[in-house]
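Handing you a structure now.
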């Protein structure tokens, strides 16, 4: 199945344990191979606090989730990791 990146933006993202963590903000491409490396996820405030993702005033917390941590993409993006396994990238 092919999905254009503009239809991914705004989709809900759920952890494997069913917690809604946020929404898709963008797509990260590796330009040499032209493949998707990760999705940028805009975290819900309470999730950002829970996983220790820093939050700047007036700017949401955004983390990159590598594609190998994505279980499926349908009406929502379902991750293959639980909320406890998510960590912001350094």
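Would you mind estimating how fast the range 34-78 diffuses translationally, via Stokes-Einstein at 25 °C and 0.890 mPa s with the Kirkwood radius over Cα pairs, in µm²/s?
208
Based on the mean of other beta carbon atoms within 10 Å per residue, what is the order of 7-13, 69-75, most packed first?
Per-residue mean Cβ counts within 10 Å order the peptides as 7-13, 69-75.
Full-extension gain between residue 69 and residue 33, please, as 0.36 nm times their residue separation minus the C-alpha to C-alpha distance.
This chain segment gains 11.0 nm when fully extended.
Right, something else. Which value in Å is the Kirkwood Rh of the chain over different Cα pairs?
With all distinct Cα pairs of the chain included, I get 13.2 Å.
Divide by every residue of the chain the summed helix terms, -39500 (n - 2.57) for each DSSP H run of at least 4, and state the resulting mean residue ellipticity at 222 nm, rounded to the nearest 500 deg cm²/dmol.
Estimated from H runs of four or more residues: -2500 deg cm²/dmol.
Bear in mind these aren't lab numbers, they're just calculated from the coordinates by the rules spelled out. Since this is a predicted model, take the numbers as computed values, not measurements. Neighbour counts run over all protein chains shown; Cβ positions are idealised from the backbone, glycine included.
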